[in-house]
1. Pick the calculated log10 I(q)/I(0) by the Debye sum over Cα atoms at q = 0.12, 0.15, 0.24, 0.25 Å⁻¹ for this structure from (i) -0.49, -0.61, -1.16, -1.22; (ii) -0.36, -0.56, -1.31, -1.36; (iii) -0.30, -0.48, -1.34, -1.47?
2. Going by alpha carbons, how many degrees (0 to 90, nearest 10) lie between the helix axis of 50-62 and the longest principal axis of the chain?
3. For the chain, give the magnitude of the charge dipole about the Cα centre (Cβ charges: +1 Lys/Arg, -1 Asp/Glu; no others), in debye to the nearest 20.
Amino acid sequence: MISRKYLFDGRVQGVGFRYATKQIAKGFDVSGTVKNLDDGRVELILIGEEGEISAFIEEMHDSPLGHHILEQDEFTISLPESIRGFQIID
């Protein structure tokens, strides 16, 4: 099991990005969080097997969300202990 943080830049706030991401998460065996950042980006944290995380990110890019993403940064992070399920953080 691994944990990754993604930062998405582009037109990713005010377009239902977090809610669409949560809908996509229902189709994958992942846990995580998604939230808007003050600088206009969206932060996504995913926990799961590498193949599930890769497929999740690919699905995001293949969905209508992909049209809003101009830049994506990816970081491997230590496993957060407090995340269960998939949540939108306000």
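1. Computed from the coordinates, log10 I(q)/I(0) by the Debye sum over Cα atoms at q = 0.12, 0.15, 0.24, 0.25 Å⁻¹ corresponds to (iii).
2. Relative to the chain, helix 50-62 is tipped by roughly 10 degrees.
3. On the way: 9 positive and 16 negative charges, 73 e Å.
The calculated dipole for the chain is roughly 360 debye.
Values in this text are rule-based calculations from the coordinates and carry no lab data. Predicted, not measured: the structure shown is a model, and the values here were computed from it. Glycine also receives a Cβ, built like all others from the backbone with ideal geometry; neighbour counts cover every protein chain displayed.
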